[in-house]
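The values are calculated or read from the model by the stated rules, or taken from the named source; none is laboratory data. Note that this is a predicted model, so its numbers are computed, not measured. We place every Cβ from the backbone using ideal geometry, glycine too, and count neighbours over all the protein chains shown. With ligands, DNA and RNA removed, areas are computed over all heavy atoms of the protein, side chains included. Shrake-Rupley method; radii C 1.70, N 1.55, O 1.52, S 1.80 Å.
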Amino acid sequence: QVQLVESGGGLVQAGGSLRLSCAASGNAFSSNVMGWHRQAPGKQRELVATITSGGSTNYADSVKGRITISRDNTKNTVYLQMNSLKPEDTAVYYCRITIAFNTYWGQGTQVTVSS
């Protein structure tokens with residue numbers, strides 16, 4: 001079993017920045033994919049970004065150039081640096097880790113961007 005603990009959400013004005021963190025504990029094997037998804041009210045959960053244990057990244061088109069995903073393998077922690085935030089970035093952000101064929105989710109952290 002793997003546990004994910006997210007932190008760093010909050011309220012920010014448009015154009016501002018936030019940094020989300022997600023720490024994995026338990027059987028978080030070294031070979032995995034970690035990522036962030038988000039869900040806005042009334043919308044489906046969508047991918048924001050993913051990063052493999054080797055450092056390969058993938059981003060949603062809507063966040064490219066504004067958001068950067070990174071990780072510290074020694075701490076089993078993934079980060080999401082969000083810059084130039086827009087009101088449409090407002091959502092609950094969920095951390096995810098996939099190990100082999102198993103996927104685990106964090107509890108989510110609210111990000112609210114005011115105009």
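Points worth noting:
- Segment THR52-LEU11, length gained on full extension (0.36 nm per residue, minus Cα span): 11.9 nm
- Scalar couplings 3J(HN,Hα) for region 7-22, obtained by applying the Karplus form with A = 6.51, B = -1.76, C = 1.60 to θ = phi - 60°, are 7, x, x, x, 9, 9, 7, 4, x, x, 10, 9, 10, 9, 10, 9 Hz; x denotes Gly and Pro.
- For THR90, the amide hydrogen comes within under 5 Å of the amide hydrogens of VAL113, counting only partners 5 or more places away or on other chains and with H modelled in the peptide plane.
- A Cβ-based charge dipole, computed about the Cα centre of the chain with Lys and Arg at +1 and Asp and Glu at -1, lands at about 40 debye.
- Restricting attention to the chain, close to 90% of DSSP beta bridges with both partner residues there are antiparallel.
- Those aspartates and glutamates that a straight Cα-Cα span of less than 16 Å connects to LYS43, excepting residues fewer than 8 apart in one chain: GLU88, ASP89
- Solvent-accessible surface of the chain, taken per residue with a 1.4 Å probe and all protein chains present: 52 Å².
- Annotation: extensible slack from SER30 through LYS43 equals 1.4 nm (criterion: 0.36 nm per residue apart, minus Cα-Cα distance).
- For the chain, built as a Gaussian network whose Cα springs stay under 10 Å, the top-fluctuating residue of TYR94, TYR104, TYR79: TYR104
- Estimated inter-spin distance, SER70 and PHE101, nm [label 7 Å along Cα→Cβ]: 3.6 nm
- Ellipsoid equivalent to region 55-107 - semi-axes via the Cα gyration tensor, in Å: 22, 14, 11
- Heavy-atom accessible surface of the chain: percent carbon and sulfur, 1.4 Å: 48 percent
- Of the residues SER25, SER17, SER62, the one that moves most in a GNM of the chain with alpha-carbon contacts below 10 Å is SER62.
- In order along region 83-93, the phi-based Karplus estimate (6.51 cos²θ - 1.76 cosθ + 1.60, θ = phi - 60°) of 3J(HN,Hα) comes to 10, 6, 5, 10, x, 6, 7, 4, 4, 8, 9 Hz; Gly and Pro are listed as x.
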